[in-house]
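The values are calculated or read from the model by the stated rules, or taken from the named source; none is laboratory data. Keep in mind it's a predicted model, so treat the numbers as computed, not measured. Neighbour counts run over all protein chains shown; Cβ positions are idealised from the backbone, glycine included. Keep in mind that these areas ignore ligands, DNA and RNA; they rest on the heavy atoms of the full protein, side chains included. Shrake-Rupley method; radii C 1.70, N 1.55, O 1.52, S 1.80 Å.
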Amino acid sequence: GYTGCLLARRLLAEVEEEVRFLVRPSSDRSRLPPGAAEVFTGDLTRPREVAAAFGGVSRIVHLAHIRYTGTLVECLAGSVDHVVLVSSLRRFSQVRSASVEEVLRGEECALDSRMPCTILRPSMIFGPGNDRNISRLAAHLSRIRCIPVLGSGRHLQQPVFVDDVVGAILASLARGPGGEYALAGPRALPYNEVVDLVGAAVGVQPLKLHIPVRLALAACHLARIFPFELSLDTEQVRRLQEDKCYSIDAATQDLGFTPLGFAAALSRIYRP
């Protein structure tokens, strides 16, 4: 995945132990960095298929979706003394949905198993290349400066730079098991400001078209009745109105987490 490829490069460059990767059958293995590392291919929905990948492993970074924690628990060998679980701050969403429940159940599974673990919860991750988040906004603004914004655009976002997430993972590995940490940018920003900063980074002044939330919800309802496609659903519309504002004090104190500011990170990504 996006974060995993960057983590793989850092692990091979900075960690002295042997490194083993477990990747999906559909993964493009050419994206892994060249180096002395074992690569196992397997499907985490089939524990017996991937169990061999865990043999002799002492530390694990679980970057797959947290819903696969059950497979992790089933496959853990006695040699494992630390698991870094990368979960999501979505667990704190007040918009109840299947995706939120998956995160909650995955974390509960880990804690109930009493595995020696650290739980990291990143916010929206962004960075160079196709991060599937900010990169999509930047690509849109580069083509069309007019952009729809659901509601007032004052709801808060706290994106986190991918390099900082990887740094926190490595710091967790070095520190040892224990703790639950929010990983987010240094401050929360209104969505309007996020759009303006991304526009400035790609050299355009965005024209924001505010769409009433009720209208967006009505469109989602109609999309379920009539045969037309809509890029948003009701859950996404409601979650977009939530303030995503988190304290990173614990990560700063225990992991030395000092994330790059949003504007500074954009400058690094989109600098001429």
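List the number of the failed condition for VAL202; all other conditions in (1) β-branched (Val, Ile, Thr); (2) in contact with a Gly (Cβ under 6 Å, 6 or more places away or on another chain); (3) at pLDDT 95 or above hold.
Only one criterion in (1) β-branched (Val, Ile, Thr); (2) in contact with a Gly (Cβ under 6 Å, 6 or more places away or on another chain); (3) at pLDDT 95 or above is unmet by VAL202, namely (2).
Would you mind listing the helices (runs of 4 or more DSSP H) fully within the range 195-272 where at least 2 residues are acidic (Asp, Glu) and out of contact with any Pro (no Cβ under 9 Å at 6 or more places or on another chain)?
By residue number, 249-255.
Against the conditions (1) open to solvent by 60 Å² or more (accessible area, probe 1.4 Å); (2) modelled with pLDDT of 95 or more; (3) over 30 Å from GLN241 (Cα atoms), where does ARG29 fall short? Just the number, please.
Single failed check for ARG29: (2).
Quick one: which residue in ILE119, ILE144 is of a type in the set (Val, Ile, Thr) and open to solvent by 50 Å² or more (accessible area, probe 1.4 Å)?
Unique residue meeting the criteria: ILE144.
Within the range 66-98, can you find the residues that are under 24 Å from VAL15 (Cα atoms) and either part of a loop (DSSP other than H, G, I, E, B) or open to solvent by 30 Å² or more (accessible area, probe 1.4 Å) (or both)?
Within the range 66-98, LEU76, ALA77, GLY78, SER79, VAL80, ASP81, SER87 qualify.
Scan (1) at pLDDT below 95; (2) in a helix (DSSP H, G or I) for the single condition ALA171 breaks and write down its number.
(1)
Just to verify a result, which residue in the range 184-194, among those that are assigned to a helix (DSSP H, G or I) and in contact (Cβ under 8 Å) with a residue 12 or more places away in the chain, is least open to solvent (accessible area, probe 1.4 Å)?
Ranking the candidates gives VAL194 first.
Just to be sure before I move on: is PRO148 closer than 22 Å to LYS244 by Cα and either at pLDDT below 95 or among the basic types (Lys, Arg) (or both) in the structure I sent?
yes
Restricting the search to the range 12-39, which residues are touching a helix residue (DSSP H, G or I) at 6+ places or on another chain (Cβ under 8 Å) and in a helix (DSSP H, G or I)?
Answer for the range 12-39, where residues must be touching a helix residue (DSSP H, G or I) at 6+ places or on another chain (Cβ under 8 Å) and in a helix (DSSP H, G or I): GLU14, ARG31.
Only residues in the range 109-122 that are more than 28 Å from GLN158 (Cβ to Cβ) count as the first member; pair them with residues that are surrounded by fewer than 22 Cβ atoms within 10 Å (Cβ to Cβ) and not hydroxyl-bearing (Ser, Thr, Tyr), Cβ under 7 angstrom, at least 6 apart or cross-chain, and list the lot.
SER113/VAL73; MET115/VAL73; MET115/LEU76; PRO116/ASP81; PRO116/HIS82; PRO116/PRO177
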